[in-house]
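Working notes, beginning with the structure itself.
The values are calculated or read from the model by the stated rules, or taken from the named source; none is laboratory data. Bear in mind the structure is a predicted one, so any value in this text is a computation, not a measurement. Cβ: placed from backbone, ideal geometry, glycine included. Neighbour counts: every protein chain shown. Heads up: the accessible areas ignore ligands, DNA and RNA and are worked out on the full protein's heavy atoms, side chains in. Shrake-Rupley method; radii C 1.70, N 1.55, O 1.52, S 1.80 Å.
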Amino acid sequence: QVQLVESGGGLVQAGGSLRLSCVASGSIFSINAMGWYREAPGKQRELVAGITTAGTTDYADSVKGRFTISGDNAKNTVYLQMNGLKPEDTAVYYCNARIRSRAWWSANDYWGQGTQVTVSS
């Protein structure tokens, strides 16, 4: 079993900042990548940012220059620093990780329970 636990969501005014954290635990042999997705009401879940264990990052165009993803491989943790928040960033943010639980197993995707981020105008 693998668990992803997120923290750091909340309510913030436009222009403010929040930092999300996600810790992976359980049966982990290796982690290929971790990332953040978000789902706003009435919209599909979308990738916000991702990072591989080698440090390669990817961002949605809408957050480039405002959000920064980082990881701590030793702690199986990924962070999302969100600056310059806008009302359109309001959504439930989900942590995602691609994890191998055994050396001879293929990697599977795991999801956290989600954390609400609300940006008021």
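For this structure, a couple of remarks:
- Hits in region 31-47 (condition: assigned to a strand (DSSP E or B), under 26 Å from residue 101 (Cα atoms) and either open to solvent by 70 Å² or more (accessible area, probe 1.4 Å) or in contact (Cβ under 8 Å) with a residue 24 or more places away in the chain (or both)): 31, 32, 33, 34, 35, 36, 37, 38, 46
- All strands (runs of 3 or more DSSP E) inside region 60-114 with 3 or more residues being open to solvent by less than 40 Å² (accessible area, probe 1.4 Å): 77-82, 91-100
- Hits in region 94-121 - residues which are aromatic (Phe, Trp, Tyr) and out of contact with any Leu (no Cβ under 6 Å at 6 or more places or on another chain): 94, 104, 105, 111
- Looking across 23, 12, one residue alone is under 21 Å from residue 53 (Cβ atoms), modelled with pLDDT of 95 or more and β-branched (Val, Ile, Thr). It is 23.
- Only a single item in (1) within 17 Å of residue 76 (Cβ to Cβ); (2) touching a Leu at 6+ places or on another chain (Cβ under 8 Å); (3) in a loop (DSSP other than H, G, I, E, B) is not met by residue 28, and it is number (2).
- Within region 21-30, the set of residues being within 18 Å of residue 103 (Cβ to Cβ) and open to solvent by 20 Å² or more (accessible area, probe 1.4 Å) comprises 26, 27, 28, 29, 30.
- Within region 50-69, residues that are farther than 11 Å from residue 80 by Cβ and in contact (Cβ under 8 Å) with a residue 24 or more places away in the chain reach partners that are open to solvent by 40 Å² or more (accessible area, probe 1.4 Å) and acidic (Asp, Glu) with beta carbons closer than 9 Å, at six or more positions or on different chains, in the pairs 62/46; 62/88.
- Residues in region 48-58 that are open to solvent by less than 70 Å² (accessible area, probe 1.4 Å), over 10 Å from residue 93 (Cα atoms) and assigned to a strand (DSSP E or B): 5 in all.
- So residue 67, is it within 14 Å of the chain's Cα centre (by Cα) and either over 23 Å from residue 3 (Cβ atoms) or not acidic (Asp, Glu) (or both): yes
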